[in-house]
Amino acid sequence: MDLGLKNKVALVVASSQGLGKAVAKELVKEGAHVMLTSRSEDKLAEVKEELEAMHAGKVAYFPCDITKVEDIQKLVARTHTVFGKIDILLNNAGGPPSGKFDSFSDEVWQQAFELNLLSYIRIIREVLPDLRKEGGRIVNIASISVKTPLPNLVLSNTFRNGIVGLSKTLADELAPDNILVNVVAPGKIETDRLKYLNKANAKARELTVAEVDKAAIAGIPLGRYGTPEEFAKAVVFLLSEANTYITGSTLYVDGGAVKAI
């Protein structure tokens, strides 16, 4: 299937590792030009070199703290300078700290809000003028916690649901501009974030990491963790021109872990 991504310009947020990097890689494979961004310039340079070795779409990067409005504005301006436009936005952010309700001060709640919800709002606001010119695609990465709250993750459980509400509203408001907006909610995907959470859960429950892994996998009908590549393929379809009628949806990439209807 031709996804129609050749020469499209994608801004991929939090793309120096994990799920963001995997999505960037799949986009480049399909011939899209990608602007990478994260806080770590060293990691971005490494990813740029790796993706350029595929000899497909063009790759650039710009370091950015997505909790700062000025950084976001500079990121979008740099993307315009390098590629001249933005057709696609992949919103993504590192997960907030794990812990229960009583663990967190107002300061931590505010930080999680700014990173995991307000950053999405601000980035969309800056990119919308581009997307309105010829239509476009937005995918906002959330978590299966939007369907079933996860233990020890009160911050994520709270703010990820805001992403769904935002996305559903924007799908309606932006449909006349031919901008499709969707959420992709990963389950347990093999990333550094998953390793961190499993270690935290093991400590909280006085178990070994191996025991936490075993219990987690037992709850996944497919019997294993997902890979970043599997996740990325689903995201890239929604970001592509092959997707012409899916908007306002939340796609769970979780191996069947969510049991709710």
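The values are calculated or read from the model by the stated rules, or taken from the named source; none is laboratory data. Note that this is a predicted model, so its numbers are computed, not measured. Counting neighbours? That spans all protein chains shown, and the Cβs are built from the backbone with ideal geometry, glycine included.
If you check Met54 against the conditions, is it of a type in the set (A, V, I, L, M) and surrounded by fewer than 17 Cβ atoms within 10 Å (Cβ to Cβ)? Break it down stepwise before answering.
Details: of a type in the set (A, V, I, L, M): yes; surrounded by fewer than 17 Cβ atoms within 10 Å (Cβ to Cβ): yes.
Answer is yes for this residue.
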| Breaking point among (1) crowded, with 20+ Cβ neighbours inside 10 Å; (2) free of Cβ contacts under 8 Å to residues at least 40 places away in the same chain; (3) within 17 Å of the chain's Cα centre (by Cα), for Met35 | (2)
| query | Just to be sure, is Thr148 in the same structural domain as Ala14 (by TED's automatic domain parsing), of a type in the set (Val, Ile, Thr), surrounded by fewer than 21 Cβ atoms within 10 Å (Cβ to Cβ) and outside any helix (DSSP H, G or I)? | reply | yes
| field | Enumeration of residues in the range 231-261 that are within 14 Å of the chain's Cα centre (by Cα) and of a type outside the set (A, V, I, L, M, F, W, C) | value | Lys233, Thr250, Tyr252
| task | Select, from Ala112, Ala142, the only residue that is in contact (Cβ under 8 Å) with a residue 12 or more places away in the chain and touching a Leu at 6+ places or on another chain (Cβ under 6 Å). | result | Ala112
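For (1) assigned to a loop (DSSP other than H, G, I, E, B); (2) under 22 Å from Val235 (Cα atoms); (3) in contact with a Pro (Cβ under 9 Å, 6 or more places away or on another chain), each residue gets a yes or a no:
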site	(1), (2), (3)
Asp2	yes, yes, no
Glu26	no, yes, no
Glu46	no, no, no
Leu51	no, yes, no
Lys74	no, no, no
Ala77	no, no, no
| field | Given (1) in contact with a helix residue (DSSP H, G or I) (Cβ under 9 Å, 6 or more places away or on another chain); (2) surrounded by 14 or more Cβ atoms within 10 Å (Cβ to Cβ), index of the condition Gly226 fails | value | (1)
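One line per residue, one yes/no per condition, for (1) β-branched (Val, Ile, Thr); (2) over 15 Å from Ala14 (Cα atoms):
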residue	(1), (2)
Glu46	no, no
Glu49	no, yes
Lys58	no, yes
Thr67	yes, no
Lys85	no, yes
Leu90	no, no
